[in-house]
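Participant: My questions all concern the structure below.
The values are calculated or read from the model by the stated rules, or taken from the named source; none is laboratory data. Just so it is clear, the structure is predicted and the values come from calculations on it, not from any experiment. Methodologically, a virtual Cβ is constructed for each residue, glycine included, from the backbone with ideal geometry; neighbour enumeration extends over all protein chains shown. These accessible areas exclude ligands, DNA and RNA; they are computed on the full protein's heavy atoms, side chains included. Shrake-Rupley method; radii C 1.70, N 1.55, O 1.52, S 1.80 Å.
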Amino acid sequence: MKVGVLVSVVVTVLLTVVLTNGVTTVVGNNSNALGNIGLVNMSCNASIGPWDAGGADKGKNDASNLKEEQRGTVAKIISIGQERKLPPLAWQIAIQAGMTESGLRPLDYGDRDSLGIFQMRPSMGWGTPAQVTDPVYAINKFYDVLLAVPEWEARRPGESAQAVERSAFPDRYHNWEAMAAFLIGELGQVADPAGCGQSNGAFLPTSVAAAKAIAFTREQLGEPYLWGGNGPDAWDCSGILVKAFATADIQIPRVANDQYMKGGAFLPVREAQPGDLIFWATNPSDPVTVHHVAMYLGGDEYIHAPQTGDVVKISKINWDYFELMPLAVRPGV
């Protein structure tokens with residue numbers, strides 16, 4: 001049996017991933033083959049990676065304390081986000097900001113002239129008092145400003161909330177991270193909103209490490225391909241990814257076929273999430289023939305350093321291309 005086929009069989013037989021309510025449960029049918037891992041439960045936020053212990057319970061418990069008015073505000077945030085076709089990460093940021101600023105209530109008072117769900121100040125150009133206390137206006141205005149924040153999708157949700165609000169207490173927004181993710185799953189009907197990247201069409205990085213790696217790779221867009229290139233101004237396909245994940249303190253092998261075999265955890269390529277690595281080989285059943293690697297971005301797009309004469313760029317994936325490897329790799333797992 002070819003090595004690639006063997007790996008695919010082992011992954012399929014040994015690992016069953018069950019995604020429910022933001023909890024990823026990895027069940028090993030043979031604990032010895034998995035290094036005696038056995039049953040592992042990991043709660044994580046798709047945009048930042050694992051929570052602190054108890055994070056998933058914290059989210060559920062915090063949400064259980066909300067009043068009907070507060071849950072109604074959450075529903076409006078989600079509904080408007082859906083109407084605008086914004087990813088669930090945007091909803092999460094708005095929920096965290098609203099909970100921090102007003103307890104998710106359209107207040108008619110606040111510090112100085114701050115008003116409404118997000119404590120927007122009319123004197124600072126956010127709108128009239130009547131507008132900023134109108135939940136629909138306030139939510140849309142929040143989203144408008146969020147979308148203008150550079151790289152907001154690559155940041156921790158609370159950091160993006162702070163970029164909009166510009167609070168004197170920037171760390172407060174993180175406290176509601178678990179609750180916001182839980183509510184997106186409960187009210188937004190998003191499968192596994194707080195899971196490791198399985199977000200029902202939302203293109204979220206699988207962890208804070210993935211977000212950093214994506215951000216680094218995007219910064220190199222337009223730089224030339226160079227065989228064996230390790231930067232800082234020219235790259236080959238595997239060299240750029242080594243440096244990208246190094247920014248997140250994750251070490252992966254230098255060459256593409258080693259990155260496939262030793263770079264992280266396997267998952268079916270069609271389940272790849274932003275930050276995962278995808279590969280091409282002359283013979284997809286034999287990892288030794290892997291000749292190209294790229295970083296998946298979501299939305300059928302990937303970023304890579306293609307070949308001599310080309311530059312680092314974003315391309316559309318052909319899922320049916322015969323050289324595409326059947327498995328993707330998630331570094332750092």
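Participant: Using the structure shown, decide if Gln92 is open to solvent by less than 40 Å² (accessible area, probe 1.4 Å) and part of a helix (DSSP H, G or I). Even if it seems obvious, please write down each step before you answer.
Facilitator: Numbers: open to solvent by less than 40 Å² (accessible area, probe 1.4 Å): yes; part of a helix (DSSP H, G or I): yes.
The answer is yes for Gln92.
Participant: Test each condition in (1) assigned to a loop (DSSP other than H, G, I, E, B); (2) open to solvent by less than 30 Å² (accessible area, probe 1.4 Å); (3) under 22 Å from Leu226 (Cα atoms) for Gly275 and report the one that comes out false.
Facilitator: Exception for Gly275: condition (3).
Conditions tested, residue by residue: (1) without any contact (Cβ under 8 Å) to a residue 12 or more places away in the chain; (2) within 21 Å of Leu324 (Cβ to Cβ); (3) surrounded by fewer than 21 Cβ atoms within 10 Å (Cβ to Cβ).
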residue: Asp233; (1), (2), (3): yes, no, yes
residue: Ala256; (1), (2), (3): no, yes, no
residue: Lys262; (1), (2), (3): yes, yes, yes
residue: Ala265; (1), (2), (3): no, yes, yes
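Participant: OK, next. Before we move on, is Ile184 surrounded by fewer than 23 Cβ atoms within 10 Å (Cβ to Cβ) and either farther than 22 Å from Gln96 by Cα or modelled with pLDDT of 75 or more (or both)?
Facilitator: Numbers: surrounded by fewer than 23 Cβ atoms within 10 Å (Cβ to Cβ): no; either farther than 22 Å from Gln96 by Cα or modelled with pLDDT of 75 or more (or both): yes.
So Ile184 does not fit the description; no.
Participant: Being of a type in the set (Val, Ile, Thr), within 30 Å of the chain's Cα centre (by Cα), buried (at least 23 other Cβ atoms within 10 Å of the Cβ) and outside any loop (DSSP other than H, G, I, E, B) is the requirement here; does Ile117 meet it? Lay out the reasoning, then the answer.
Facilitator: On the way: of a type in the set (Val, Ile, Thr): yes; within 30 Å of the chain's Cα centre (by Cα): yes; buried (at least 23 other Cβ atoms within 10 Å of the Cβ): yes; outside any loop (DSSP other than H, G, I, E, B): no.
Spelling it out, it is not the case that Ile117 is of a type in the set (Val, Ile, Thr), within 30 Å of the chain's Cα centre (by Cα), buried (at least 23 other Cβ atoms within 10 Å of the Cβ) and outside any loop (DSSP other than H, G, I, E, B).
Participant: Something else about it: (1) in a helix (DSSP H, G or I); (2) touching a strand residue (DSSP E or B) at 6+ places or on another chain (Cβ under 8 Å): which one isn't true of Ser79, the others all being true?
Facilitator: The number of the failed condition is (2).
Participant: Follow-up question, since we're still on this one. Restricting the search to the range 97-112, which residues are open to solvent by 30 Å² or more (accessible area, probe 1.4 Å) and over 14 Å from Ile77 (Cα atoms)?
Facilitator: Answer for the range 97-112, where residues must be open to solvent by 30 Å² or more (accessible area, probe 1.4 Å) and over 14 Å from Ile77 (Cα atoms): Glu101, Asp108, Tyr109, Gly110, Asp111, Arg112.
Participant: Also, quick follow-up: Based on this model, can you work out whether Ala244 counts as open to solvent by 20 Å² or more (accessible area, probe 1.4 Å), part of a helix (DSSP H, G or I), of a type outside the set (Lys, Arg) and modelled with pLDDT of 80 or more? Don't jump to the end; show me each part of the working.
Facilitator: Values: open to solvent by 20 Å² or more (accessible area, probe 1.4 Å): no; part of a helix (DSSP H, G or I): yes; of a type outside the set (Lys, Arg): yes; modelled with pLDDT of 80 or more: yes.
No: the conditions fail for Ala244.
Participant: Let me ask another. Quick check on the range 130-144. Is at least one of its residues aromatic (Phe, Trp, Tyr), out of contact with any helix residue (DSSP H, G or I) (no Cβ under 6 Å at 6 or more places or on another chain) and free of Cβ contacts under 8 Å to residues at least 24 places away in the same chain? Steps first, answer last, please.
Facilitator: The initial filter retains those residues of the range 130-144 that are aromatic (Phe, Trp, Tyr), namely 137, 142-143.
Keeping just the survivors that are out of contact with any helix residue (DSSP H, G or I) (no Cβ under 6 Å at 6 or more places or on another chain) gives 143.
When the remaining residues are screened for being free of Cβ contacts under 8 Å to residues at least 24 places away in the same chain, the result is none.
No: zero hits.
Participant: Same structure again: Looking at (1) within 25 Å of Ile214 (Cβ to Cβ); (2) touching a Phe, Trp or Tyr at 6+ places or on another chain (Cβ under 6 Å), which is the only condition Ala138 fails?
Facilitator: Among (1) within 25 Å of Ile214 (Cβ to Cβ); (2) touching a Phe, Trp or Tyr at 6+ places or on another chain (Cβ under 6 Å), Ala138 violates only (1).
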